[in-house]
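Let me begin by presenting the structure, written as structure tokens, before commenting on it.
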Amino acid sequence: MAIEIEQPSVGLSKVAVSETHGEDSPYFAGWKAYDENPYHESSNQSGVIQMGLAENQVSFDLLEKYLEEHSEGSSWGKGAPGFRENALFQDYHGLKSFRQAMANFMEQIRGGRAKFDPDRIVLTAGATAANELLTFILADPGDALLVPTPYYPGFDRDLRWRTGVKIVPIHCDSSNNFQVTPQALEAAYQCAESMNFKVRGVLITNPSNPLGATIQRSVLEEILDFATRKNIHLVSDEIYCGSTFSSSEFISVAEILQTRDYKNSERVHIVYSLSKDLGLPGFRVGTIYSYNDKVVTTARRMSSFTLISSQTQHLLACMLSNKEFTEKYIKTNRERLSKRYDMIIKGLKNAGIECLKGNAGLFCWMNLSPLLEEPTREAELTLWKIILNEVRLNISPGSSCHCSEPGWFRVCFANMSEQTLEVALERIHKFMEQRKRK
Amino acid sequence: MTLTRSIQYPNPEPEVQTRKPGRATAMRLIVPLQGVVQGRGGLIFGSLIPCALFYFLQLYLKRHRSSNSRSNPPSPSTSSPNLAEITRTSSRSNLLSRGLIGPVRISSRAMSIAKPNDSPYYIGLDKASEDPYDRISNPDGVIQLGLLENRLCFDLIAKWMSENLSDSMMGREGGDLSISGITTYQPVDGTMELKLAMAGFMSRVMGGTVSFEPSQMVLTAGATPAIETLCFCLADHGNAFLVPTPYYPGFDRDVKWRTGVELIPVHCRSTDNFILSITALDQAFNQTRKRGTKIRGILLSNPANPVGNLLSREMLYNLLDFAREKNIHIISDEIFAGTMYGNEEFVSMAEVLDSENFDKNRVHIVYGLSKDLSLPGFRVGMIYSFNENVLAAARKLTRFSSISALTQRLVVSMLLDTRFIEEYIETNKKRVQNMRDLFVAGLKTLGIRCADSSAGFCCWADMSKLIPTYSEKGELELWDKLLNVAKINVTPGSACHCIEPGWFRCCFTTLAQEDIPVVMERIRKVADTSTLCS
């Protein structure tokens, strides 16, 4: 509630004082611990290693090299035509060249199995803004979106805070590797209805965060059919699609729509960004790709609140249009992530820890349920605190991802050097040895 | 979680009202009842009969809509207490039956935004961008006087870019402009380097009489999200802000769209040179409160857009007193602070707060580089607040509108080049003043006078003598003629909610000197025909 006038201080809105930003959850608390005592290879070897931030630093050298070698697109020196228009350019359509480059890049990542029309691309300052914007457009305050669990903790904030929209979870469990089932979809829908929430859509992340796995074709088709039957939207957040270890394993909902000749496609919207695949979260580049004309028009207008700097668009347009670079980057990035993944899985296995079989993303989904005193959220958080404070690793507890089974943790592996990852694995090994002896 | 029965998916059927009708219908009875009872007429005739009619009308519509949707793609049900919305849904389902858009529903918020832009402000901008004037290649094109951009000092900025970026955007050998360190996640509310640089720049352009604290800044991708974010922080859905008219047309979007906050105009008059009066503010406050809407603050732009005048120190004191008395906020959009010409001095809200013992918690300033440094494409804006709680909330909210780290680094580099900034500020001031003088003089020869102004990129011109009837309709007729016959895009006062018809906002900073006679000639042609006809 906003502070009332009796007090001398002037009141704030409900949005401002609400806790829906979720930043008091363990997910973010671990980051604070890291900020206070960050690990450093030489200067702070006993610090907290950050394994809770899904950032991709494995291919940064490729970016740097490209920029050193290709100045023409990025300079505005004598004779370079674009600057004047560029600095003034604030059209919410975005630079055509950039949209074209994004469309091509998105096609490339999907192995050319889906086509993207640059005029359906709406630009936003990051996928965070894209998800919020779509929610504003697809749902009214008090409506609901169905989201499979476990899901990215940031959704609680991005989808709900200013929009006033609810999230109703689609419960998934380890019995089938946390895949979405028709029963779970229907159950979530009924649950929302029983609470008098109008369901406006399903929002999936594919590849999944935090599972680190792609959604199978049959499951995608089921979800799409479900959305069609209920006449609701489907938002597919495909922000990790370029981080699939093998290109053929990722099926985009765009591919399925294409094979169906785009029948019933006006309910489908794809979110993408360069923060994960290209490791450029600082540049704030996100997109909404919608098959619905009205959504495209509305999203474009609303994107006034979250435009991408024209300078950034210009630079990236040049980079993403360079087919040679993008092909090499995508391929190398996949290889390096795959190698990292193998490294961490092996290391964890040696320590006696199993993970969900993954094939994508910047993290793995680790099963520590055998270590829990009892299969409860409290026990999971106790274990999490121990790992944070004693082992000094910041990993994300499954409960902050709304996982229905306690004991699972998301562990990021792409935001550090290999040496640091070795150190982290050693610490885990030691920790597990100690536990065994007890 | 397994279900014991096998799921039988129902046949696709239209989504008819599945809710229990009781509550919803009761609401539908109560709302019209209230409205009618407040009106005149006997209780029985005045309320019962219209209510009964309403009730039956709704039943009829409900049945009609059900049968209608059976033959068409299903439209999602809305059970709303508002009769108007039911009608809207009906017509929407008619649209659907024509197959213009898919059957799946988008939110009511989005529906209102999806409508074609019928505001002259946007129509004019579109027309000008479709057929832009160019002295050589398109001399019959539309001359853009409706977009507040400043192109007068572009040469200076382009020169700086070419000298400092040389062969690579990245600067020399990983120097100041390399990409290392900026590709990763940054503080969402902006880097400290940029905040420091902005503090210095703001202080300089505002006359050096006030200083700004980086810790009180939240950076945003342009001033547009800064205003919206502040509204989210200070007001709930259904609350309102008072705003003096005429005001920047974009406020309607920035404040109202997604927040559901209202804007209550407080009309200013030409007799006061459109300066706000506290009396008018007070009246508007009381009237709004009477009808049950809570006022959360005052939104103003200082220097004013579109008039271009300044608020005096005394007026700022009065506003602060008023805000304190009513316990509301003040949002001061100072984005044009660095566009002063002439001899008047700009006084920022921040300066007044520094000097006197006012409650700072209610004051929030919006700023950005789109006007003062002519870099609207780069999206650099700011919320500057004295209220820790607002800052805490805004810091979290700005993740939806953060500035690209690449751009932040470039802008820091530019702002720290004090020699360049000095040259820019001085030259810009001269050129803007020169342009303004020529433009205003040109209008004067046509018998069109402009309001007194000391800042900004436009003049606020009184063309009331040229409009066929002294009304908004007459004003729009002239606007239309100016756009389609004279091919000049100016912003009509009604788009700025001005209470007096006939005023037009004309931006002169996108012109070259040689274009001014062309503009005046075109206006003259229309003026002549207008005076002939009236």
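State which entries of A:Lys65/A:Lys328; A:Lys14/A:Lys166; B:Lys294/B:Lys396 exceed 19 angstrom in Cα-Cα distance in the structure shown.
Numbers: A:Lys65/A:Lys328 12 Å; A:Lys14/A:Lys166 16 Å; B:Lys294/B:Lys396 25 Å.
Result: B:Lys294/B:Lys396 exceed 19 Å.
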Worksheet, complete the sentence: Out of A:Asn206, A:Asn37, A:Asn367, a Gaussian network model of chain A with alpha-carbon springs under 10 Å gives the largest mean-square fluctuation to A:Asn37
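Using a 1.4 angstrom probe with every protein chain in place, what is the largest-first accessible-area order of B:Cys459, A:Cys318?
Largest accessible area first, the residues go A:Cys318, B:Cys459.
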Worksheet item: Counting only the heavy atoms of the protein chains, how much of A:Lys294 is accessible to a 1.4 Å probe, in Å² to the nearest 10?
Response: 50
Practice prompt. Have a look at B:Leu234, B:Tyr317, B:Val210 and report the one farthest towards the positive end of the charge dipole of the range B:166-417, computed about the Cα centre with Cβ charges (Lys/Arg +1, Asp/Glu -1).
Written response: B:Leu234
Fill in: Nonlocal amide H pairs with A:Gln179, under 5 Å, H built at 1.01 Å
A:Asp173
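By DSSP, what percent of the beta bridges with both residues in the range B:166-417 are antiparallel, rounded to the nearest 5? Intermediate results must be reported in sequence, preceding the final value.
On the way: 9 of 27 bridges.
Taking every DSSP beta bridge within the range B:166-417, about 35 percent pair in antiparallel fashion.
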Item to complete: Rounded to whole Hz and in sequence order, give me ³J(HN,Hα) for the range B:467-473 from the Karplus expression 6.51 cos²θ - 1.76 cosθ + 1.60, θ = phi - 60°, writing x for Gly and Pro.
Response: 8, x, 10, 7, 7, 4, 4
Worksheet item: A:His429 accessible area, nearest 10 Å², 1.4 Å probe?
Response: 70
Item to complete: Please label the shape of the range A:317-432 as rounded, prolate or oblate, based on the square roots a ≥ b ≥ c of the eigenvalues of the alpha-carbon gyration tensor (a/c under 1.5 means rounded; beyond that, a/b larger than b/c means prolate, else oblate).
Response: prolate
Worksheet item: Which of these, A:Ser25, A:Ser321, A:Ser236, has the largest mean-square fluctuation under a Gaussian network model of chain A (Cα springs below 10 Å)?
Response: A:Ser25
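Taking the Cα centre of chain A as the origin, how large is its charge dipole in debye, to the nearest 20, when only Lys and Arg (+1) and Asp and Glu (-1) carry charge on their Cβ atoms? Working shown, then result.
Details: 48 positive and 53 negative charges, 114 e Å.
Dipole magnitude for chain A comes out near 540 debye.
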Fill in: GluC sites (Glu not before Pro) within the range B:313-379, DSSP loop, no more than 15 other Cβ atoms inside 10 Å
B:Glu344, B:Glu345, B:Glu356
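Just to be sure I understand: of the beta bridges DSSP finds with both ends in the range A:75-322, what percent are antiparallel, rounded to 5? The partial results should precede the final answer.
On the way: 9 of 26 bridges.
That works out to approximately 35 percent antiparallel.
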Discussion item. Output wanted: per-residue J couplings in Hz (rounded whole) for the range A:38-55, from phi through Karplus 6.51 cos²θ - 1.76 cosθ + 1.60, θ = phi - 60°, x for Gly and Pro.
Written reply: x, 5, 9, 3, 10, 8, 8, 6, 9, x, 6, 8, 7, 10, x, 10, 7, 10
Worksheet item: Among rounded, prolate and oblate, which fits the range B:179-313 when a ≥ b ≥ c are the square roots of the eigenvalues of its C-alpha gyration tensor, a/c under 1.5 means rounded, and a/b larger than b/c means prolate?
Response: oblate
Worksheet entry | Positive dipole terminus of chain A, leading residue within A:Val15, A:Thr149, A:Ile49 (C-beta point charges) | A:Thr149
Practice prompt. Scan around A:Ala414 for amide H atoms under 5 Å from its own, H built in the peptide plane at 1.01 Å from N, and keep only partners 5 or more places away or cross-chain.
Written response: A:Glu55
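At a threshold of 8 angstrom on Cα-Cα distance, excluding pairs fewer than six apart, so keeping six or more, what relative contact order does the range B:327-428 reach in percent? Intermediate results must be reported in sequence, preceding the final value.
Working: 92 pairs, mean separation 23.4, N = 102.
Averaging sequence separation for qualifying contacts and normalising by length gives 23 percent for the range B:327-428.
So for A:His269, B:His237, A:His314, what's the accessible-area order with a 1.4 Å probe, most first?
B:His237, A:His314, A:His269
What relative contact order, as a whole-number percentage, does chain A give when Cα pairs under 8 Å and 6 or more residues apart are counted? Walk me through the numbers before you get to the answer.
Numbers: 794 pairs, mean separation 103.2, N = 438.
Taking the mean separation of contacting Cα pairs over the length of chain A, I get 24 percent.
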Fill in: Semi-axes of the equivalent ellipsoid for the range B:166-417, Cα gyration tensor, largest first, Å
33, 20, 16
Response to the item:
With Cα springs under 10 Å, the Gaussian network model of chain A assigns the largest mean-square fluctuation among A:Leu337, A:Leu63, A:Leu393 to A:Leu63
Worksheet item: Of A:Leu220, A:His269, A:Ala317, whose Cα points farthest to the positive end of the dipole of the range A:75-322 (charges on the beta-carbon: +1 Lys, Arg; -1 Asp, Glu; origin at the Cα centre)?
Response: A:Ala317
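When only the heavy atoms of the protein chains count and the probe is 1.4 Å, how do A:Ser400, A:Ser246 rank by accessible area, highest first? Intermediate results must be reported in sequence, preceding the final value.
Values: A:Ser400 15, A:Ser246 40 Å².
Largest accessible area first, the list is A:Ser246, A:Ser400.
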Worksheet entry | Amide hydrogen neighbours beyond the local backbone of B:Val142, cut-off 5 Å, H modeled | B:Asp131, B:Tyr133
Discussion item. I'd like to know how the range A:217-375 sits against the 2.2 N^0.38 Å rule of thumb: what's its Cα Rg over that expected value?
Written reply: 1.26
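With an 8 Å cut-off on Cα pairs and a minimum separation of 6 or more residues, tell me the relative contact order of the range A:270-322 in percent. It would help to have the intermediate numbers written out before the result.
Numbers: 30 pairs, mean separation 13.7, N = 53.
Reported relative contact order: 26 percent.
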Discussion item. I'd like the FRET efficiency for B:Glu130 and B:Lys525, computed as 1/(1 + (r/R0)^6) with the beta carbon distance as r and R0 of 22 Å, rounded to 0.05.
Written reply: 0.50
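In debye to the nearest 20, how big a dipole does the range A:75-322 give about its Cα centre with +1 on each Lys and Arg Cβ and -1 on each Asp and Glu Cβ? Can you show the working numbers first?
Details: 25 positive and 24 negative charges, 129 e Å.
Approximately 620 debye in magnitude.
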Worksheet item: In whole Å, what three semi-axes, largest first, describe the equivalent ellipsoid of chain A built from its Cα gyration tensor (square root of 5 times each eigenvalue)?
Response: 33, 28, 24
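Can you pull a Stokes-Einstein diffusion coefficient for the range A:75-322 at 37 °C (0.692 mPa s), Rh from Kirkwood over Cα pairs, as a whole number of µm²/s?
Working: Rh = 18.4 Å.
In µm²/s, the coefficient rounds to 178.
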Worksheet item: Which value, in debye to the nearest 20, describes the size of the charge dipole of the range B:166-417 about its Cα centre when Lys and Arg Cβ atoms bear +1, Asp and Glu Cβ atoms bear -1, and nothing else is charged?
Response: 920
Worksheet item: For the range B:347-357, in order, what is each residue's ³J(HN,Hα) by Karplus, 6.51 cos²θ - 1.76 cosθ + 1.60 with θ = phi - 60°, in whole Hz (x at glycine and Pro)?
Response: 10, 7, 3, 4, 5, 5, 5, 4, 8, 10, 9
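What FRET efficiency, computed as 1/(1 + (r/R0)^6) with R0 = 30 Å and r the Cβ-Cβ distance, is obtained for A:Lys328 and A:Asp117, rounded to the nearest 0.05? Show your work: numbers first, answer last.
Numbers: r = 26 Å, r/R0 = 0.86.
The formula returns an efficiency of 0.70 here.
Apply the a/c threshold of 1.5 to the C-alpha gyration tensor of the range B:299-451 and tell me whether it is rounded, prolate or oblate.
Numbers: a/c = 2.07, a/b = 1.18, b/c = 1.75.
Here the range B:299-451 falls in the oblate category.
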Worksheet item: What is the Cα centroid distance between the range A:363-438 and the range B:303-324, reported in whole angstrom?
Response: 57
Fill in: Rounded accessible area of A:Glu36 (nearest 10 Å², 1.4 Å probe)
150
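The values are calculated or read from the model by the stated rules, or taken from the named source; none is laboratory data. Everything quoted here is computed from the prediction, not taken from an experiment. Methodologically, a virtual Cβ is constructed for each residue, glycine included, from the backbone with ideal geometry; neighbour enumeration extends over all protein chains shown. The area values use the complete protein model at the heavy-atom level, side chains included, leaving out ligands, DNA and RNA. Shrake-Rupley method; radii C 1.70, N 1.55, O 1.52, S 1.80 Å.
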